[in-house]
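Reviewing the structure listed below.
The values are calculated or read from the model by the stated rules, or taken from the named source; none is laboratory data. These numbers come from a predicted model, not from an experiment. We place every Cβ from the backbone using ideal geometry, glycine too, and count neighbours over all the protein chains shown. Just so you know, the surface numbers come from the protein's heavy atoms only, side chains and all, with ligands and any DNA or RNA stripped out. Shrake-Rupley method; radii C 1.70, N 1.55, O 1.52, S 1.80 Å.
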Amino acid sequence: MSTVWNAILSPGMFSESFMINTWISGTIVAVISGIIGFFVVLRGSAFVAHALPKGGFAGAAGAALLGVNTVIGLALFSVGGALSIGWLSRRGRHDVVTALILTFLLGTGDLFLNLHDVYAPEIYSLLFGEVLGVSGVEIVDTAVLGILCVAALVILYRPLMLASVMSEGAEARGIRVRQIEMCFLVIVGLATAITVPIVGALLTFSLMIAPAAAASYVTHHPMRAVGMSVAIAVVTVWISILVSYDTGLPVGFFVAAIATAAYGLARGWRNLRSRGRLSARDRQKLSEQTS
Amino acid sequence: MKKLLHVLFAPGFFTNASVGHAVLVGAVVAIISGVVGVFVVIRGQSYLGHALGDFGATGASATFLFGLATLWGFLGAGVISGAGSDVLGHGHRRRGRDVTTGVIHALVMGIGALLLYFDTTMTNVTGAPETILFGSIFVFDPSLVPVVVVLGVLTLLFLLILYRPLLLSSLDADLAKARGIPVRWVSFFFMCCMAMAVAQSSLVIGALLSTALLIGPAATAVRLTKRTSLAMVWSATIGIAATWLGILLAYDSYDWPPVGRGWPVSFFVTSLILLFYLVSRFRLRHPLTVARETQTESRRKEAIRHEYSVERHS
Amino acid sequence: MMEITQRGSHGDVLTLKDVHVQFHNRLVLQHIEFAIQPGEFVGLIGPNGAGKTTLLKVILGLLTPNRGSVTVDGLPVKHGNPLVGYVPQKIHLEPDTPLRARDLVALGLDGHRWGIPLPSRSRREKVDEVLRAVDALDFADAPVGRLSGGEQQRLLIAQALLTQPKLLLLDEPLSNLDIRSAHEVVRLVSSIAQNQGIAVLLVAHDMNPLLGVMDKIVYLAAGNAAIGTVDEVVQNEVLSRLYGYDVEVIRVRGRILVVGGNNEVSTDLLQPTQHLDSMGGATD
């Protein structure tokens, strides 16, 4: 029995200091992604959630070129990208602008990689996510930025909700919709900067979309949906770290696979339930017609 | 004069074979992406247009691992995943469609990341991630050129057949349904068009430029004219201009610091496309244009509805 | 502006005096002047592009007119005035948006405040009260995205009522509804106006669903407006002067159609042919 446990929970998983860092920052990142995801799904900002980490990667490449900490470059590019998208978007629509900013950022990243031979493993870990890569990130920074993001979202909760659901109504109520949306984009950018080192630039967005989308199929109560989204994201990240440590394969893959599985389950469950409810309603209708 | 020409066109630009290839292929790709892109922008499917490139890249990595032709992996994965997000997104509005696209995108990219990881760690090919992320117009397989041209012509033919029903269902799906247009099939076939356009452009110029050429010129063009057919011409023209200028600058940049390295084409093309878009956004910020713009979409729909009601009453 | 009736009163909820709005060289609204009293149901009618949305923005304080004054309850308009309840045209929500009907309505109470909402009994009671007022208690806990257009419209009205407004502005509430739901919404709004003494300004491009309930009509065309009862305003010469060309009012089976040139202008003043070239196969 103990050998089975030993196989799953490899020695050192909880005792090595860098692994403890991983567990803590992984959890922080999952909580933030879960909360942000609620609004990403509500607003349909999936493309932005995908574009900011990918574009931020270019910043990391630039930082590597200059010999600066890659996370700083990452943060600069993802927040800069968020600001440009918010600035250029019109009437709440920003898919075209997102595509343009993303390609421009990646083009710049291509330039950086071309001008300088960046040490490849570092780039790989930023792309795919790296359990051990977290050791390079100051855990305090992650925690501070994480708390900042959560606090900002708590403060913005109601105006952001109103602006997302009915922007004209929000404007009539005196809410500055554009500024609120801008703040939200910057929060996504900041969260990106701390999520990418762990989950990877390619798949950070999966943690910001799938858990929240899954939660929306399970409950219609907004606060419960946020909680459910956070729970799914945290479990996803924990399992991913565990499996990734055991197999040595990239974390991002597991995060994407587990989060999508949760989404599939939730959606299937919703379909089953609504089918049952519909049939009950149909039966009622039928009885009304016959009587 | 000659000196100036030398500054503009570094020596050898017109005689270099790979430059010639790039100029030709870039034009073909810009035309097809530009034409298809107008519909992508009108339909608000930029995200799917971008995601199709990643879907295809995953398919390409899979076939690469098994030693098959990447083109078919690219196309197959694109169409299957695209159909998947089409089916899952059915019955949703634009926001929900983007979310379901995002979920599929995450899954496919997860698999892609794993395959890419295997590709790079097992086959010892360095730079594979860069190639997939960015691509380069100067290093492509010349044997792909005929395939690209055939695929491009097919895409355009396909789009020509779809044109009218696609336009109506993009502007007003309810009306299209009322007139007996199979909106879901039209949407699916257009998705196939996109997948084909993205596949051929990604294979020769890389996923990055594929997205840039699909969305950027079209987004600029629909701001210049409200006529769909004219927008397609503009879009293709802008795409070609950005591509050729990008190639020229990249060629010239071999003389720029750090000398001998050269700056990548993708950097120039994406910057130029963004620049064109910004110019169209801010030069056209005339109040009348803005007022007209905000009404255009509803006016289009109204005009259709009006015609439709007249027809029905008569 | 043609003043057909002018009931001078100090109890006016909304007064517009000589309002002009100009977007650079284009005059969008000129010399708009009317007043609405408590409990009055006024229809703001006009073809698309006549300036209805612009006028709403002026009343909401989102747009400052180039000339003239607008007062709500005797005070100059301000952005986010709780005395003005605004009902947007519609909300765009996915069927599975995690938001219940009561959550949407509650945003009307404190949606502009910072922070997350804390559960409180008085908050819940207030929300229940307006839900009852619009007859929406049955689906108070249903997800908003799965409700019908008419039900969503009732929620939006409930939301606007939460700040206890004196003026209710409804932006094209009927345009996306079937006839029966439209009728229900009109009846609901009319009873709110009568019972609670709230003045209503309802924007529509078709006046027919409102014929039985409107106290007054503000007809807007080409930036000009006329106010009065339906019989006073909807006449050939009055509307022809507004439009700037000859239009004819036709009354058929209790319905009113405004016809000008070859087009029926009461629903659509725009010349559709102008935009047909962008349609391609849309209009063959």
Self-check item: Any hit, segment B:127-146, residues being at pLDDT 80 or above and more than 14 Å from chain C (Cβ to nearest Cβ)
Solution: yes
Quiz item: Counting residues that are in contact with a Leu (Cβ under 9 Å, 6 or more places away or on another chain), buried (at least 20 other Cβ atoms within 10 Å of the Cβ) and modelled with pLDDT of 75 or more, which helices (runs of 4 or more DSSP H) fully inside segment C:206-284 reach at least 3?
Solution: none
Self-check item: Residue check for A:Ile209: β-branched (Val, Ile, Thr), in a helix (DSSP H, G or I) and touching a residue at least 12 places away in the same chain (Cβ under 8 Å)
Solution: yes
Exercise. From the list A:Val235, A:Val226, pick out the single residue that is within 20 Å of B:Gly102 (Cβ to Cβ), more than 14 Å from chain B (Cβ to nearest Cβ) and either modelled with pLDDT under 90 or open to solvent by 60 Å² or more (accessible area, probe 1.4 Å) (or both).
Key: A:Val235
Exercise. Determine if segment B:251-267 includes at least one residue that is free of Cβ contacts under 8 Å to residues at least 60 places away in the same chain, hydrophobic (A, V, I, L, M, F, W, C), in contact with an Asp or Glu (Cβ under 9 Å, 6 or more places away or on another chain) and crowded, with 24+ Cβ neighbours inside 10 Å.
Key: yes
Practice problem: Identify all residues within segment B:153-189 that are touching a residue at least 40 places away in the same chain (Cβ under 8 Å) and facing chain C (nearest Cβ under 10 Å); write none if there are none. | Solution: B:Leu166, B:Leu167, B:Leu168, B:Ser170, B:Leu171, B:Asp172, B:Leu175, B:Arg179
Exercise. Name the residue, out of B:Gly37, B:Gly20, B:Gly26, B:Gly49, that is part of a helix (DSSP H, G or I) and open to solvent by 10 Å² or more (accessible area, probe 1.4 Å).
Key: B:Gly20
Quiz prompt | Members of segment B:204-249 found to be open to solvent by 10 Å² or more (accessible area, probe 1.4 Å), outside any helix (DSSP H, G or I) and not β-branched (Val, Ile, Thr), listed by number | solution = B:Lys226, B:Arg227
Quiz item: So which residues in segment A:157-168 are open to solvent by 10 Å² or more (accessible area, probe 1.4 Å) and within 7 Å of another protein chain (Cβ to nearest Cβ)?
Solution: A:Tyr157, A:Arg158, A:Glu168
Quiz item: Could you give every pair whose Cβ atoms fall below 6 Å, whose first residue belongs to segment C:102-119 and is more than 7 Å from every other protein chain (Cβ to nearest Cβ), and whose second residue is assigned to a loop (DSSP other than H, G, I, E, B), counting only separations of at least 6 or pairs across chains?
Solution: C:Arg102/C:Ala140; C:Gly108/C:Leu162; C:Leu109/C:Leu162
Exercise. Taking the residues in segment B:89-104 that are under 15 Å from A:Asn271 (Cα atoms) and facing another protein chain (nearest Cβ under 8 Å) as candidates, determine which candidate is modelled with the lowest pLDDT.
Key: B:Gly91
Practice problem: Please work out if C:Pro82 is within 12 Å of chain A (Cβ to nearest Cβ), in contact (Cβ under 8 Å) with a residue 60 or more places away in the chain and surrounded by fewer than 24 Cβ atoms within 10 Å (Cβ to Cβ). | Solution: yes
Practice problem: Would you confirm whether any residue within segment A:242-253 is assigned to a helix (DSSP H, G or I), without any contact (Cβ under 8 Å) to a residue 12 or more places away in the chain and either surrounded by 15 or more Cβ atoms within 10 Å (Cβ to Cβ) or β-branched (Val, Ile, Thr) (or both)? | Solution: yes
Quiz item: Do we find a residue being part of a loop (DSSP other than H, G, I, E, B) and at pLDDT 80 or above anywhere in segment A:113-135?
Solution: no
Quiz item: How many of the residues making up segment C:192-222 are out of contact with any helix residue (DSSP H, G or I) (no Cβ under 9 Å at 6 or more places or on another chain) and among the small types (Gly, Ala, Ser)?
Solution: 2
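Looking for whichever is crowded, with 24+ Cβ neighbours inside 10 Å, of a type outside the set (Asp, Glu) and more than 10 Å from chain B (Cβ to nearest Cβ) here; the options are A:Ala201, A:Ala210, A:Ala214, A:Ala193. Which one fits?
On the way: A:Ala201 fails: more than 10 Å from chain B (Cβ to nearest Cβ); A:Ala210 fails: more than 10 Å from chain B (Cβ to nearest Cβ); A:Ala214 fails: more than 10 Å from chain B (Cβ to nearest Cβ).
Step by step, each of A:Ala201, A:Ala210, A:Ala214, A:Ala193 is checked, and only A:Ala193 is crowded, with 24+ Cβ neighbours inside 10 Å, of a type outside the set (Asp, Glu) and more than 10 Å from chain B (Cβ to nearest Cβ).
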